[in-house]
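**Q** Just dropping this structure here.
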Amino acid sequence: MSAAEKSRIPIRERMDGSDTILQMAYSHRDASTRRQHHPSRSEADELPDPMIEVVIPEVEIHEHPPRTPERFLMTTSRLNPAVLLTTLLFLTPACAGQSMAPASGAAPAPRGTPAETTDFSASRALDHVQRLVEMGPRPVGSLGHDRMRDYILAELKKYGLKILRDDFQATTPLGEKSMTNIIGILPGVEEGFMMVAGHYDTKYFKSGVFVGANDGGSSTAALLEIARTMAQQAGKPKHTTWFVFLDGEEAFCWDWYECLNGKDHTYGSRHLAEKMVRDGTIRMARALVLIDMIGDKDLGLDREIGYSTPSITDIIWETAESLGYGLHFLPSGQSVADDHVPFLENGLPAVDLIDFRYPYWHTVQDTVDKVSGDSMKIVGDVVIKSLAAIYDGTAARKR
Ligand SMILES: [Zn+2]
């Protein structure tokens, strides 16, 4: 089946050997080398220890089934019953092509004068996407990927952030690959920290030129602009923030669960979460906010209900409403396995903000003309404005 054909199948499913989860892509909306990096002296000087040396070729991996409604129905028995019920409720409207049921009975908050937004620049974010796309396809191991990694490092340096590099090797269906998570750190008064994350790799295509303007591009661009915006704010923030550019989110095989026993994906987040557990840094982390595919001109985020911490989702949705962005933060829910899962599995509260209604997902049509700086600003503003409340709300969590 061609990539284009696959993209039109309404149900996207991601499932592994232990847990399942499905995702609903809403087809009714018109469709639907190994090279180890050696840091330069100046880079290396900036790198705090625990993160640098690391490099553990520890990731074992594996593959997955066709994205069909039948497959979805076959696997639903493995879902959490509450999630399953909610998800099935949404299946009908998605297939019928219209509105969604609310994920909860809560009435929308009254709309008042929108709160002040942030200095997040829509045009800067879009400019980042343009530059990334001009680097060409950016899958792990590609020249475009290396250029992008260096671009991210240079930008974070410009913003005055401390930079951590987490270089590691991963075994993939295409062999051993060098990957790099990049972390920009904005120190706060308190040691406890928030993580804002997104993946920067783009999906490997055997044929066709996939530049991932939204999938890979928008999360990278928005994360850079969130980092710049927060770094330039006056005064030292209460909490420390990690801006985490995750590598290797995409599966090398076509489908998410197709290879390596369902673990041919989220290489970077799994590596980082495990490392943070080993070196103890995860104990200082309060929560992770993940962004993925948030640049669609027609921005519509469903609540990620399969894994994400509901109380964090609530804070984000309420913040969006207060900023006047409520129309883009939908009451409906869907379940999406993504880079937040490895952190959740290690006890860190997390949320995934993903617009999975993007009709050009994993197609060569995922180009810069489909992406909007305003959409990235909406999500960027909401994330920036939500962090303090999420931090405070997770202060008492048990570790
Ligand atoms: Zn993708």
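What follows draws every value from the coordinates through simple rules; no lab data is involved. Predicted model, so just to flag it, every value in this text is computed and none were measured. When we count neighbours, we look across all protein chains shown, and the Cβ atoms used for this are built from the backbone with ideal geometry, even at glycine.
**Q** Using the Kirkwood radius over C-alpha pairs as Rh, can you work out the diffusion coefficient of the stretch 136-255 via Stokes-Einstein at 4 °C, viscosity 1.567 mPa s, in µm² per second?
**A** Values: Rh = 15.0 Å.
Using the Kirkwood radius from Cα pairs, D works out to 87 µm²/s.
**Q** Same structure again: Starting from 0.36 nm per residue, how many nanometres of slack lie between Ser123 and Lys236 once their C-alpha separation is accounted for?
**A** Numbers: separation 113, 0.36 × 113 = 40.68 nm, distance 2.62 nm.
So the extension gain works out to 38.1 nm.
**Q** Taking a quarter of the surface of the convex hull around the Cα atoms of the stretch 249-289, what do you get in nm²?
**A** Details: hull surface 13.8 nm².
Mean orientational projected area (the stretch 249-289, Cα hull): 3.5 nm².
**Q** With all distinct Cα pairs included, what does the Kirkwood hydrodynamic radius of the stretch 266-399 come out to in Å, to one decimal, could you say?
**A** On the way: mean 1/r = 0.0646 Å⁻¹.
For the stretch 266-399, the Kirkwood estimate is 15.5 Å.
**Q** Let me ask something else. If I model a spin label at Asp150 and Glu191 as a point 7 Å from the Cα along the Cα→Cβ vector, what separation in nanometres do I get?
**A** Taking the two extended label points, one gets 3.7 nm.
**Q** Still on this model: For Ser332, what residues show an amide H to amide H distance below 5 Å, using hydrogens built from the backbone and excluding near sequence neighbours?
**A** Under 5 Å from the amide H of Ser332: Ala103, Arg303.
**Q** Could you calculate the contour length gain from Lys157 to Ala115, that is, 0.36 nm times the residue separation minus the distance between their Cα atoms, to one decimal place in nm?
**A** That works out to 12.0 nm of additional length.
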